[in-house]
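Below: one structure, written as structure tokens.
The values are calculated or read from the model by the stated rules, or taken from the named source; none is laboratory data. Keep in mind it's a predicted model, so treat the numbers as computed, not measured. Cβ coordinates were reconstructed from backbone atoms using ideal geometry, including for glycine residues, and neighbour counts include every protein chain displayed.
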């Protein structure tokens, strides 16, 4: 039997539509889109068609779309580029060093890039989150002021799936720090929420193909109409209007467009499908593990329907993850972007104040959007067998594990 893949928050396997589009682009538009001959023009047209499709599918038809290689690069361009572009305005308005505000539970590609701005003389303040890993409007409001150059808050938390009230946060920023830009990491939420990205109100929004069924190696930064351009991270051939030099990945962009179009069609047909499936999975897991603790937001519509983060008291997450893999069910634990290495508490869970006994026991079940009732039942049965096997005592729970 094929493994049941429930780690879509790390990467979602390409949708059939994306694979077909990628293969077609490889055969029909293999040329460099910057070449002056007809083959180059065909590739350039395919790239622009993909750009328009992604913008419309994600609800940002008037935004400028800048292709990048991954969500981490899109975050870096938005955060570093916008902070540098808004620095002088904030320093003039505030009469001192420019500040950057970043949510304490952000993805590493956002949090670490924001922190790096301190090396350039910015004052970097991390905005605390609540127990659901959410930045609350009043918490942000008390930190906003004329010296703020940039605010960075994600739409959906990549580990626990909680949704930040980004539209409220951007409105506050416009009112209390009108000189500041707002960057939003929407990598996990894009293609999985019915709301249009334009409704967030952010100046810059990062999205990535492989989180919604495209292929790895393609992502984008969406810039709102009228937003100030970020400073480019490097110079080169002037691609993407000078914001991101480097030959564009036409095949990846075409596949991204096909996946985004499919996700939009699914959301339009049934916008509540993700949340219903998440609810069914939680009910099934709770039936076999009544002591589990849900981590993150505890009510609709404050969660992303594709992510269910659960703590299993008394079990090490990595050990339980490996036991589930042996049962044919693949899940995650923390952010896959932290890489391998020594096991350490998740910064997101620490920022949310999860009790210490639970820090090492959290698994992330993340859905692809097409799981069946049989898949949900299979996950619960696998959990039952895994917990039973590991319940033999401390030695069983300390089996060496590998990073997934």
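Structure data summary
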| read-out | value |
| --- | --- |
| Those residues of the range 69-97 which are more than 21 Å from residue 226 (Cβ to Cβ) and crowded, with 24+ Cβ neighbours inside 10 Å, in sequence order | 71, 75 |
| Filter result for the condition that a residue is out of contact with any strand residue (DSSP E or B) (no Cβ under 9 Å at 6 or more places or on another chain), part of a loop (DSSP other than H, G, I, E, B) and surrounded by fewer than 19 Cβ atoms within 10 Å (Cβ to Cβ), over 216, 231 | 231 |
| Lone qualifier among 253, 260, 265 - being loosely packed, with under 13 Cβ neighbours inside 10 Å, within 23 Å of the chain's Cα centre (by Cα) and under 25 Å from residue 24 (Cβ atoms) | 265 |
| Of the criteria (1) part of a helix (DSSP H, G or I); (2) out of contact with any strand residue (DSSP E or B) (no Cβ under 9 Å at 6 or more places or on another chain); (3) within 30 Å of residue 225 (Cα to Cα), which one residue 26 fails | (3) |
| Options 103, 59; residue that is surrounded by fewer than 23 Cβ atoms within 10 Å (Cβ to Cβ) and either assigned by TED's automatic domain parsing to the domain that holds residue 149 or more than 18 Å from residue 150 (Cβ to Cβ) (or both) | 59 |
| Tabulated pairs, the range 234-261, first assigned by TED's automatic domain parsing to the domain that holds residue 49, second at pLDDT below 95 and assigned to a helix (DSSP H, G or I), C-beta under 8 angstrom, 6+ apart or interchain | 248/240 |
| Candidate set from the range 308-326 (those that are part of a loop (DSSP other than H, G, I, E, B) and surrounded by fewer than 18 Cβ atoms within 10 Å (Cβ to Cβ)); member that is farthest from the chain's Cα centre (by Cα) | 314 |
| Index of the failed condition, residue 290 passing every other in (1) more than 30 Å from residue 266 (Cα to Cα); (2) modelled with pLDDT of 95 or more; (3) assigned to a helix (DSSP H, G or I) | (3) |
| Pairs where the first residue, in the range 101-124, is in contact (Cβ under 8 Å) with a residue 40 or more places away in the chain and the second is surrounded by fewer than 24 Cβ atoms within 10 Å (Cβ to Cβ) and assigned to a strand (DSSP E or B), C-beta under 7 Å, 6+ apart | 101/125; 101/127; 102/124; 102/126; 102/127; 103/127; 104/126; 104/127 |
| Residue in the range 341-353 that is loosely packed, with under 15 Cβ neighbours inside 10 Å, touching a helix residue (DSSP H, G or I) at 6+ places or on another chain (Cβ under 9 Å), more than 15 Å from residue 285 (Cβ to Cβ) and at pLDDT 90 or above present | yes |
| Any hit, the range 294-303, residues being modelled with pLDDT of 95 or more, assigned to a helix (DSSP H, G or I) and touching a strand residue (DSSP E or B) at 6+ places or on another chain (Cβ under 6 Å) | no |
| Residue 76 more than 19 Å from the chain's Cα centre (by Cα), modelled with pLDDT of 95 or more and assigned to a helix (DSSP H, G or I) | no |
| Test: residue in the range 24-33 that is within 27 Å of residue 143 (Cβ to Cβ), touching a helix residue (DSSP H, G or I) at 6+ places or on another chain (Cβ under 9 Å) and either surrounded by fewer than 19 Cβ atoms within 10 Å (Cβ to Cβ) or in the same structural domain as residue 156 (by TED's automatic domain parsing) (or both) | no |
